[in-house]
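The values are calculated or read from the model by the stated rules, or taken from the named source; none is laboratory data. It should be emphasised that the depicted structure is a prediction, and the values quoted were computed from it without experimental measurement. Counting neighbours? That spans all protein chains shown, and the Cβs are built from the backbone with ideal geometry, glycine included. We work out accessible area using only protein heavy atoms, side chains counted, and drop any ligands, DNA or RNA first. Shrake-Rupley method; radii C 1.70, N 1.55, O 1.52, S 1.80 Å.
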Amino acid sequence: MMWRAMTVSDTAEKIKKMEIRGAGRIARAAVSALQDHADHVHADDLPGFRSAVQLAAGVLLATRPTAVSLPNAIHMVMNSLSIDSGSVAEARTLFSAACTRFITASENAVDRIGAIGARHIRDGDVVLTHCNSETALACLLQAHRNGTRFEAFATEVRPRNQGHLTIRALHDAGIPTSFIVDSAARYFMKEIDLVVVGADAITVNGAVVNKIGTSQIALAAHESRTSVMVAAETYKFAPRTILGEFIEIEEREGSEVLPGEIAAALPGIRVRNPAFDVTPAGYIDLIVTEEGAIPPQMAYLIIRDFLGWEIGEFSGADPGGWGP
Ligand code: RUB
């Protein structure tokens, strides 16, 4: 079944190259590739089946390090492999059902976040968003569908221009939108009432890891007393941060920032290209999840109640839930 294995590696390649990007989409694409792989992989017995799925999971996990949605999603569906099943066929069915459940829950979560987040956008607001987050956009699009009249600002998002995707969505919805370079965010902040962004990971202390530049925008918002709302599904909270683990910040190729021919002429210059940064909880007013809106200081409760990780319980083994 060589071509099925390619499906996992194709998906992995697309995630690495950012043809599939955004924390939620990455998680759903990985689970879907894993489901397809498990549906078709040949295995003589249960241990063989489990290790074939595990191997594919490893390939997907190695793609991008920062979005915790990826390990959370994979571990959630992999949990179904530890349920006693009598045969490979039964294990396949259970695994496939877990994958479908995750994908559906993830899509529903975006809608639910949109519905909750939209209530925080008021008539006359000017709302700034950074990067291209489907959850952040869900809040804006739902507010617009609700009839709230507001304006949007969208940043360019160097170096990969995810802002182009965002302005396309805002344009198509008919939301009046201004497009600005990232470095203009502070200049315009006095006109902004609310910043809405997504998240790749949220730590136990409520810090939000998101697209590079988010923390500068949050700092400028804090300075001008503009509210910052983060829209993120519960599976973007990072259980292992309870143990003091840090979230790895992906640093990508310098060629994304400086074209090769210029770099070649300047051999003494090193280009640094972190893809994400960390915004401390103090600069965030609200995190909207599918379970409701919380202040960032309540992140631990999401990790405990929805991901199943408790302080004090940890002994080195995965306690289950959605945790990596
Ligand atoms: C995407 C990014 C998004 C979050 C949330 O970075 O930082 O804000 O992933 O997105 P990249 P979503 O383009 O490098 O993947 O709400 O769609 O999950």
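Looking only at residues in segment 262-277 that are within 12 Å of the ligand (Cβ to nearest atom) and not in a loop (DSSP other than H, G, I, E, B), which one is surrounded by the fewest Cβ atoms within 10 Å (Cβ to Cβ)?
It comes out as 274.
For residue 80, work out the one condition from (1) farther than 30 Å from residue 227 by Cα; (2) modelled with pLDDT of 95 or more; (3) in a helix (DSSP H, G or I) it doesn't fulfil.
Of everything listed in (1) farther than 30 Å from residue 227 by Cα; (2) modelled with pLDDT of 95 or more; (3) in a helix (DSSP H, G or I), residue 80 misses just condition (2).
Listed residues 121, 116; which is in a helix (DSSP H, G or I) and either within 15 Å of the ligand (Cβ to nearest atom) or farther than 26 Å from residue 34 by Cα (or both)?
Testing whether each residue is in a helix (DSSP H, G or I) and either within 15 Å of the ligand (Cβ to nearest atom) or farther than 26 Å from residue 34 by Cα (or both) leaves just 116.
Does residue 111 count as open to solvent by 50 Å² or more (accessible area, probe 1.4 Å), outside any loop (DSSP other than H, G, I, E, B), farther than 23 Å from residue 11 by Cβ and without any contact (Cβ under 8 Å) to a residue 40 or more places away in the chain?
Against the criterion (open to solvent by 50 Å² or more (accessible area, probe 1.4 Å), outside any loop (DSSP other than H, G, I, E, B), farther than 23 Å from residue 11 by Cβ and without any contact (Cβ under 8 Å) to a residue 40 or more places away in the chain), residue 111 qualifies.
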